[in-house]
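Chemist: Before I ask anything, here is the structure I am working with.
Derivation of every value follows stated rules applied to the coordinates shown; laboratory data play no part. Note that the coordinates shown come from a computational prediction; the quantities given were computed from them, not determined experimentally. A quick note on method: Cβ atoms are made from the backbone with ideal geometry, for glycine too, and the neighbour counts reach across all protein chains shown.
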Amino acid sequence: MSTIAPSVGTSVIQPVAPLRKKMTTTMLRQKKARAEIITMLTAYDYPTALAEDQAGIDCILVGDSLGMVVLGYQNTLPVTMDEMLHHSRAVARGAKLALLIGDMPFMSYQASTESAVRNAGRFLQEGGMEAVKLEGGRERLDAVRAITGAGIPVMGHLGLTPQSVNQLGGFRPQGRSAGAAKRLLEDALLLEEAGCFSLVLESVPARLAELVSRRLSIPTIGIGAGVGCDGQVLVTHDLLGLFDRFTPKFVKKYADFHGEMQRAFSEYIVDVQTRAFPTAQHSVEIEETEWQQLISDLEG
Ligand code: KIV
């Protein structure tokens, strides 16, 4: 998408970003219709959202993966609405053009359709989000209908749904038997019919994800689901090599920020211990006349 053009009046070649419009759910559908791939990443804070937005990402998900990669929980289950809203607000301050999606945390939509609508509404009213995501298939149709009925766009999430980790028996690929694959396709069609604007497919066979993507008119966003989806998402901390506990097989690491942070911190510690930092360059000075005045005042 980006173009390189010489800027008028200078000899420097500057990248010129094409005028980007604010991303909407309608534009995502149009991208699918034009077979244009959709890009999505997670973000949990202002600087990351700013960088992703400036890089030209289509969608930013404030994922409940927050619980694992930022807050250090073992899984996503302890994440609360208040934690999600706190981080959503920071992301909303950083991103201006990407479509902003808030991930509904565990037990914010499962107990009743009323609580689902109320909590989805909080993402828009208090979190600065423009859509919400929730996990599950046929058992979530009432919640999806109620939330979309309130005018809030909903993204579905099928396959490996981390909030059901205890039911699934671990973080493992889904839809690998003919029966499970058929059920997943049925769930995808039901979610589309219930009003979802898009669907995340996590850790499912690539051939199944491609088939589901072809059968749906709404865009699918894959994570560990092969290249046949209408878009791709990764957890940003995995992509940046910032989450050191484990890296799923489907992640491509584009950087080693954890290693780079450790290097920078070690260098700082040595600099401080050896008094190599701070130098005069990092210090504030007082005018000589003021200094002399102080000394004479103190001596007098
Ligand atoms: O919480 C999250 O980051 C997600 C993505 C993996 C899609 O749900």
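Chemist: Given the options G169, G224, G137, which has the most mean-square fluctuation in a GNM of the chain, springs set between C-alpha atoms less than 10 angstrom apart?
Modeler: Of G169, G224, G137, the most mobile in the Gaussian network model is G169.
Chemist: Let me ask you something else. In the neighborhood of T39, defined by Cβ-to-Cβ distances under 14 Å, what is the net charge if each Lys or Arg adds +1 and each Asp or Glu adds -1?
Modeler: It works out to a net charge of -1.
Chemist: In the stretch 97-137, which residues have a backbone nitrogen under 11 Å from the label point lying 7 Å from L71's Cα in the Cα-to-Cβ direction?
Modeler: Zone members listed by number: 105-106.
Chemist: Relative to the present Cα-Cα distance, how much length would full extension add between A35 and R214 at 0.36 nm per residue of separation?
Modeler: 63.3 nm
Chemist: Three principal axis extents, largest first, for the C-alpha atoms of the stretch 14-83, in Å?
Modeler: Over the stretch 14-83, Cα extents along the principal axes are 40, 32, 18 Å.
Chemist: Sticking with this one: Summing +1 for each Lys or Arg and -1 for each Asp or Glu, what net charge is found among the other residues whose Cβ lies under 15 Å from the Cβ of G94? Mind dumping the intermediate values first?
Modeler: On the way: positive: K22, R89, R93, K96; negative: D45, E52, D53, E130.
For residues surrounding G94, the net value is 0.
Chemist: Continuing with this model, one more query. Quick check: Cα centre of the stretch 228-265 to Cα centre of the stretch 179-220, how many Å?
Modeler: 26
Chemist: Okay, moving on. Spin-label point model (7 Å from Cα, Cβ direction): what's the W291 to A111 distance in nm?
Modeler: Computed distance between label sites W291 and A111 equals 6.5 nm.
Chemist: In the Gaussian network model of the chain, springs joining C-alpha atoms below 10 Å, which of E193, E267, E290 carries the largest mean-square fluctuation?
Modeler: E290
Chemist: Excluding G56 itself, calculate the net charge of residues whose Cβ lies under 14 Å from the Cβ of G56, where each Lys or Arg counts +1 and each Asp or Glu counts -1.
Modeler: Overall, the nearby charge balance is +1.
Chemist: May I pose another question? Rg/Rh for the chain to two decimals, with Rh computed the Kirkwood way over all alpha-carbon pairs.
Modeler: My calculation of the ratio gives 1.12.
Chemist: Additional query: Using alpha carbons only, how many degrees (0 to 90, rounded to 10) separate the axis of helix 113-125 from the longest principal axis of the chain?
Modeler: Helix 113-125 and the main axis of the chain meet at about 30 degrees.
Chemist: Just to be sure I understand: of the beta bridges DSSP finds with both ends in the chain, what percent are antiparallel, rounded to 5?
Modeler: Restricted to the chain, the bridges split so that about 15 percent are antiparallel.
Chemist: Another question about this same structure. According to a simple spin-label model (label point 7 Å from Cα along Cα-to-Cβ), what is the distance in nm between E126 and E299?
Modeler: Taking the simple label geometry, E299 and E126 are separated by 6.3 nm.
Chemist: Angle between the Cα long axis of helix 257-273 and the longest principal axis of the chain, 0 to 90 degrees, nearest 10?
Modeler: The angle comes out near 20 degrees.
Chemist: Specify the angular offset, from 0 to 90 degrees and rounded to the nearest 10, of the alpha carbon long axis of helix 46-55 from the longest principal axis of the alpha carbons in the chain.
Modeler: 70
Chemist: Moving on to the next point. Using only the Cα atoms of the stretch 245-300, what semi-axes does the equivalent ellipsoid have when each is the square root of 5 times a gyration tensor eigenvalue? Give whole Å, largest first. All intermediate terms of the calculation are to be shown ahead of the outcome.
Modeler: Values: eigenvalues 471, 26, 14 Å².
They are 49, 11, 8 Å, listed from largest to smallest.
Chemist: Please work out the FRET efficiency for the pair Y268 and L50, using the Cβ-Cβ distance as r and a Förster radius of 22 Å; give the result to the nearest 0.05.
Modeler: 0.35
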